[in-house]
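Q: Sharing a structure with you now.
A short reminder: the numbers here are calculations on the coordinates, not readings from a lab. Just so it is clear, the model here is predicted, and its values are computed rather than measured. Neighbour counts are summed over all protein chains in view; Cβ atoms, including those assigned to glycine, are modelled from backbone coordinates with ideal geometry.
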Amino acid sequence: MGLTIAQKIIKNHLVSGDMTPGSEIGLKIDQTLTQDATGTMAYLQFEAMGLPRVKTELSVAYIDHNTLQSGFENADDHRFIQTCARKRGVRFSRPGNGICHQVHLERFSVPGKTLIGSDSHTPTCGGMGMLAMGAGGLDVAVAMGGGTYYIPMPKMVRINLTGKLQPWTAAKDIILEVLRIMTVKGGVGKIVEYAGEGVKTLSVPERATITNMGAELGATTSIFPSDETTRAFLQAQGREKDWIALSSDPDAVYDEEYTIDLNTLTPMIAQPHMPDEVVKVSEIAGMKINQVCIGSCTNSSLFDMLKVAEILRGKTVHPDVSLAIAPGSKQVLNMLAANGALAAMIDAGARILESACGPCIGMGQAPGSAGISLRTFNRNFKGRSGTADAGIYLVSPETAAVSAITGVLTDPRDLGEAPVITMPTAFTVNDNMIELPYTPEEAVTHEIEYGPNIKEVPKGHELENTIDKKVVLKVGDNITTDHIMPAGAKILPFRSNVPHLSNFCFTVCDKDFPERCKAMGGGFIVGGQNYGQGSSREHAALVPLYLGVRAVLVKSFSRMHKANLINSGILPLTFVNPDDYDTIDEQDELILADIRAAIDGGDTVVVKNVTKGLEYTVSTDFSQRQREILAAGGCLNYIAKQK
Ligand code: MIC
Ligand code: SF4
């Protein structure tokens, strides 16, 4: 039987397991990346493992999230990451060099290789034909140390793209259409591969826009073939030697297939507050807007920025609209400056931001009260922008730029001729903002610098045999890690200070949660479907651990969050009968007895609801490795035990 693209890469990197969907496989990881919001924790964990050097082919530490320095904390954390990275053999991408995924795509992505990153949008490099996956910081630390990365073997989905994008329709509209069809739960446990004639018509940055937002499908990753277009992109980056051809076998078997006709696709928009609330722009055009933000790892390539500049050229941003633009990397910004496109943006009244995540993670540019903001980003979760009652809509750069001029949501096709962009055959390459690590000899004489904001990583304890605690919180479906552990300018500086961070846990859903949880000495959290979707941030597990949460009972989990809970030593349990969810209330007392036996070997365990006099069967269907980690009270204890 033939293989899919992803199956080929998995086969080449398989360390343990067989490729049966759902069963655990171990993969050798060639490259890792970290960003600063998760990086401090990842490097603290790497330090806790006591290794002198990383063992990967390439590891890069990026600074792109916490760049608003309103106190000493972020700058101190950058210094910690820089000193740790260089000592341990990791390249350091300095602040200002750009968003990790954009820079990695440009400078380091290699078709056929494996990459994990402590950021959920790591699949961006799937646009290059890499098997690129988001992971918790601890998993990245383990991979940096040469350890295996474990995932459940995914099912395979093929999306056939037929035809060709029509003027004013963009790669972003393709992935929004995929989200409309598959929803934010539709990709869980799956890898999405793109195929068909339409693939040839898409450049690598356009492919990367699509694989980037595969994260919003909940997919393990998304991937494109590596073809002549890929070769041309690598050549333009001065890296043609990194190219190999990669495609699926003609008789490869997929578990699901969809077809999208690019000829008939029209501009799309995701409405508040989920990336799958997708409709056609034409359906809601005319809506008054207050803000437009262009950038983020989804849409900040040179190609996107050149289109935006052409749309803005000679125009003025509507008086009621604030337009912010953050080019994705130093390379992009530099080339915009050199060819005059930046001048067109500035002249039109755009507020140019540094090459970083910026408003996408709530680092500035929060909209006004009840503000309507069109963004080229990938997430529109409630409150993520920094304004709780803002309405965030996700669109293509074309729709964003055109609407910034008109002041209302506008179908860009109404504007007449679309700009035609010719891409340069060579990008301006200057890696002077990527510091090389010290040699092992030099490293000995350099110390890692820890600022006062860096506090200890919370550690679990060996699994008890009985947990008798109350339900501290009950939440519904599709709870994101932004609900569990919000980000934004005020909170992100404390990513290396879990005790302080804990004051914000779940406050989006219930402002009293941190105090209540502390007062109750922790307990159980109950949730619905797709619990923990969204980001890779392991803080969404480490902070509940710090607050005393022992188990999370839900209808279903997102892959990365479940892995992060296990790594932290919190039990992730799923209801065998999802209707049981309806019979539990906050403050109910639950007893989980004989858990050790269930964790050692059983597939289910019974939870008693003492308050209601009910019993629930929950699944403890873990791999052997996960069972050992849970019994040890988390991955750090497990690693220590193995030494
Ligand atoms: C995000 O987009 O939510 C982030 C910020 O990039 C996160 C990482 C984080 O929480 O630090 C992600 O997607 O993994
Ligand atoms: Fe940064 Fe936003 Fe991309 Fe996350 S989604 S990496 S915050 S640009």
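Q: What ranking, highest mean first, results for peptides 141-148, 509-516, 566-573 when packing means the other Cβ atoms within 10 Å averaged over each residue?
A: Taking the mean over residues of other Cβ atoms within 10 Å, the ranking is 566-573, 141-148, 509-516.
Q: How do 106-116, 630-640 rank on mean C-beta neighbours within 10 Å, highest first?
A: Packing proxy ranking, top to bottom: 106-116, 630-640.
Q: Here's another thing I want to ask about it. Based on the mean of other Cβ atoms within 10 Å per residue, sort peptides 494-502, 603-611 so the most packed one is first.
A: Put in order of decreasing packing, that is 494-502, 603-611.
Q: Shifting gears a bit: Given the -39500 (n - 2.57) contribution per DSSP H run of 4+ residues, what per-residue ellipticity at 222 nm results for the chain, rounded to the nearest 500 deg cm²/dmol?
A: About -8000 deg cm²/dmol.
Q: Less than 14 Å apart at the alpha-carbon level, and either on another chain or at least 8 residues along: which aspartates and glutamates does that give for Lys87?
A: Glu47, Glu435, Glu441, Glu442, Glu447, Glu449
Q: Sticking with this one: Quick check: pseudo-label points 7 Å beyond the Cα along Cα→Cβ at Lys185 and Glu628, how many nm apart are they?
A: Simple spin-label model gives 3.4 nm for this pair.
Q: Follow-up. With the contact rule set at Cα under 8 Å and sequence spacing of 6 or more, what percent relative contact order holds for the range 340-484?
A: 12 percent.
Q: Helix 397-406 sits at what angle to the longest principal axis of the chain, using alpha carbons and giving 0 to 90 degrees rounded to 10?
A: 70 degrees
Q: Still on this structure, please answer the following. Scattering from the C-alpha atoms of the chain alone, worked out with Debye: what is log10 I(q)/I(0) at q = 0.06, 0.08 1/Å?
A: Here the Debye-derived log intensity ratios amount to -0.30, -0.54.
Q: Work out Dmax and Rg for the range 429-479 from the C-alpha atoms and quote the Rg first, both in angstrom.
A: Considering the range 429-479 through its Cα atoms, Rg and Dmax are 22.6, 59 Å.
Q: Test of understanding: ordering Asp414, Asp347, Asp251 by Cβ neighbours within 10 Å, fewest first, what list do you get?
A: Exposure proxy ranking, most exposed first: Asp251, Asp414, Asp347.
Q: Given +1 on the Cβ of Lys and Arg, -1 on the Cβ of Asp and Glu, and no further charges, what dipole in debye does the chain carry about its Cα centre, rounded to the nearest 20?
A: For this selection, approximately 880 debye.
Q: Radius of gyration and Dmax for the range 160-233's Cα atoms, expressed in Å?
A: That works out to 11.9, 35 Å for Rg and Dmax.
Q: Can you work out the FRET efficiency for the pair Asp603 and Thr316, with r the C-beta to C-beta distance and R0 = 60 Å, to the nearest 0.05?
A: Computed FRET efficiency for Asp603 and Thr316: 0.40.
Q: Let me ask something else. Across bins of 5 angstrom width beginning at 0, how are the C-alpha pair distances of the range 357-453 distributed, in whole percent?
A: Binned Cα distances yield the sequence 2, 10, 13, 12, 11, 11, 12, 10, 7, 6, 4, 2, 0.
Q: Past 30 Å, Cα to Cα: identify those pairs from Lys280/Lys315; Lys28/Lys280; Lys113/Lys490; Lys382/Lys470; Lys330/Lys459; Lys11/Lys185, in the order given.
A: Lys28/Lys280; Lys113/Lys490; Lys330/Lys459
Q: If you line up the long axis of helix 559-568 against the longest principal axis of the chain, both from Cα atoms, how many degrees apart are they, to the nearest 10?
A: 40 degrees
Q: On full extension of the chain, what length is gained from Arg596 through Asp251, given 0.36 nm per residue of separation minus the C-alpha to C-alpha distance?
A: Taking Arg596 through Asp251 to full extension adds about 119.7 nm, to one decimal.
Q: Of Val508, Ala370, Gln35, which is farthest along the charge dipole of the chain in the positive direction, counting Lys and Arg as +1 and Asp and Glu as -1 at C-beta?
A: The Cα lying farthest towards the positive end belongs to Gln35.
Q: While we're on this one: Which aspartates and glutamates, on any chain, are close to Lys612 with Cα under 16 Å apart, when same-chain ones fewer than 8 places away are left out?
A: Result set, ordered by chain and number: Asp468, Asp579, Asp580, Asp582, Asp585, Glu586, Asp588, Glu589.
Q: Would you kindly state how much longer the chain becomes between Thr20 and Glu240 on full extension, computed as 0.36 nm times their sequence separation minus their alpha carbon distance, in nm to one decimal?
A: Gain on extension, Thr20 to Glu240, equals 75.7 nm.
Q: Asn430 label point, 7 Å along Cα→Cβ, cut-off 18 Å on backbone N: hits in the range 284-316?
A: Only 302 pass the distance filter.
Q: Please report the net charge: other residues with Cβ closer than 9 Å to the Cβ of Ile392, K and R +1, D and E -1.
A: Summing Lys/Arg as +1 and Asp/Glu as -1 gives +4.
Q: Oh, and also: So what's the net charge close to Ile181: Lys and Arg +1, Asp and Glu -1, counting the other residues with Cβ under 14 Å from its Cβ?
A: Local charge sum for Ile181: -3.
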